[in-house]
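Remarks on the structure that follows.
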Amino acid sequence: MKKLVLLGGGYGNMRVLRELLPNHLPDDVTITLIDRVPYHSLKTEYYALAAGTISDQEVRVAFPEHPNLNIVYGEVTGIDLEKKEILMTNSDNVSYDELIVGLGCDDKFHNIPGADTYTYSIQTIGKARDTYQKLNNLPANSIVSIVGGGLSGIELASELRESRPDLIIKLFDRGKTILSSFPERISRYVQNWFNMNGVDVINEANITKVEDQLLFNNDEPVHTDVIVWTAGIQPNKIVRELNVEKDKQGRVILTKYHNIPNRENVYVVGDCASLPYAPSAQLAEGQAEQIVTILTKRWEGEELPEEMPTIKLKGVLGSLGKKQGFGLMADRAITGRIARILKSGVLWMYKFHKG
Ligand SMILES: Cc1cc2nc3c(=O)[nH]c(=O)nc-3n(C[C@H](O)[C@H](O)[C@H](O)COP(=O)(O)OP(=O)(O)OC[C@H]3O[C@@H](n4cnc5c(N)ncnc54)[C@H](O)[C@@H]3O)c2cc1C
């Protein structure tokens, strides 16, 4: 039997399972999925988990069941590419013939002193739960500072506003305007929502240091009760420590078939992979579909396509609380209730395997 090992049950590897298990898994291949968490976690909803507007159960999706799928729960500590082995804490190493690394990302703190020690995170389900506890136990009129005005910072700030109208919320953003790389209409819409809902957006922020309950913006101290970090990501530590070629963001450089050069049996999917787009769940899924195509062709000894098609991305959708949203679909700016409905629809389709 050939052994395919999937590291991480995130968006990338869940798509691999959804494609392979019903249709394309040869009888002589077994799959071992390794994750520290005993279910697939809907990372795109962690902002709502942290804000306290959805329950923990709503961000869990059961892993599939199949006679040829074995699931190992545990912490991966390393990958030995020479021995073809996954190193684990508290359990035996797991060997593989073929491997798909889909371990997602960690926060990136840009070497800002204190940022890793004194800030909360929504990057893993465990960290999002800690953030939920901290935010929701705050007394009235406490100050929450969110560093990073990208999609997840905006979603967290707006969701928290609806969850806790009594808190003072500050959103620190590097740009001259919020979402400065988006069309002006979207940027203005989001800024208006924050103005109307009493979220203080601090533009052209430059966080230089973080201490306990103290944020230094352009070296000026800002008192705050809780700081949440949403100001950047980098590939998972296991991948950062892997001795292979990486791009400037630390993502693994791959061949057009998504495997590590000179290692046809090791693929990297999702946030850890160097692709010509910003990391996202839909990118991880699109790439995963291509990996399944390549894997099955290699198993069947078929020729690989000369070129791989471009991964098609549908656009970006962001929420502003439960009723409003914004997005870019096929380069068209959308704002308001329709954007929010679309976002909920995408989540529903994903959860119930319609997407
Ligand atoms: C708040 C927020 C909102 C977002 N919204 C969107 C959105 O609207 N649309 C969109 O497309 N993208 C969105 N993203 C980005 C998206 O969530 C990621 O790009 C996507 O999850 C990447 O998928 P992945 O398969 O690479 O890894 P992940 O989905 O992150 O999965 C990684 C898996 O690896 C496991 N793992 C990690 N390290 C270890 C270890 N050492 N040992 C064992 N297991 C481990 C984790 O438990 C996890 O199950 C959002 C992200 C955040 C934080």
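Before moving on, here are some points about what is shown:
- Which listed residue is within 21 Å of the chain's Cα centre (by Cα) and away from the ligand (no atom under 15 Å from the Cβ), from K256, K246, K237: K246
Let's see how each residue does on (1) without any contact (Cβ under 8 Å) to a residue 60 or more places away in the chain; (2) within 25 Å of the chain's Cα centre (by Cα); (3) over 30 Å from G9 (Cα atoms):
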{"site": "D116", "(1), (2), (3)": "yes, yes, no"}
{"site": "I122", "(1), (2), (3)": "no, yes, no"}
{"site": "T131", "(1), (2), (3)": "no, yes, no"}
{"site": "N136", "(1), (2), (3)": "no, yes, no"}
{"site": "I143", "(1), (2), (3)": "no, no, yes"}
{"site": "I146", "(1), (2), (3)": "no, yes, no"}
{"site": "S180", "(1), (2), (3)": "yes, yes, yes"}
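- Residue in the range 113-121 that is aliphatic (A, V, I, L, M), farther than 30 Å from I294 by Cβ and more than 13 Å from the ligand (Cβ to nearest atom) present: yes
- Only residues that are closer than 15 Å to G114 by Cβ and assigned to a strand (DSSP E or B) were counted across the range 221-248, and they come to 7.
- The range 262-330 holds strands (runs of 3 or more DSSP E) entirely within its bounds, and those carrying 1 or more residues that are among the β-branched types (V, I, T) and more than 30 Å from F182 (Cα to Cα) map to 263-268.
- Residue match in the range 268-277 (condition: open to solvent by less than 40 Å² (accessible area, probe 1.4 Å) and more than 10 Å from the ligand (Cβ to nearest atom)): yes
- In the range 99-112, the residue that is nearest to the ligand (Cβ to nearest atom) out of those that are touching a residue at least 60 places away in the same chain (Cβ under 8 Å) and on the phi > 0 side of the Ramachandran plot is G104.
- Among the residues of the range 295-306, not a single one is without any contact (Cβ under 8 Å) to a residue 60 or more places away in the chain and polar (S, T, N, Q).
The values are calculated or read from the model by the stated rules, or taken from the named source; none is laboratory data. Small disclaimer: the values here were computed from a predicted structure and weren't measured. Because the Cβ atoms are built from the backbone with ideal geometry, glycine has one as well, and the counts that use them run over all protein chains shown. Surface areas here come from the heavy atoms of the whole protein model, side chains and all, with no ligands, DNA or RNA. Shrake-Rupley method; radii C 1.70, N 1.55, O 1.52, S 1.80 Å.
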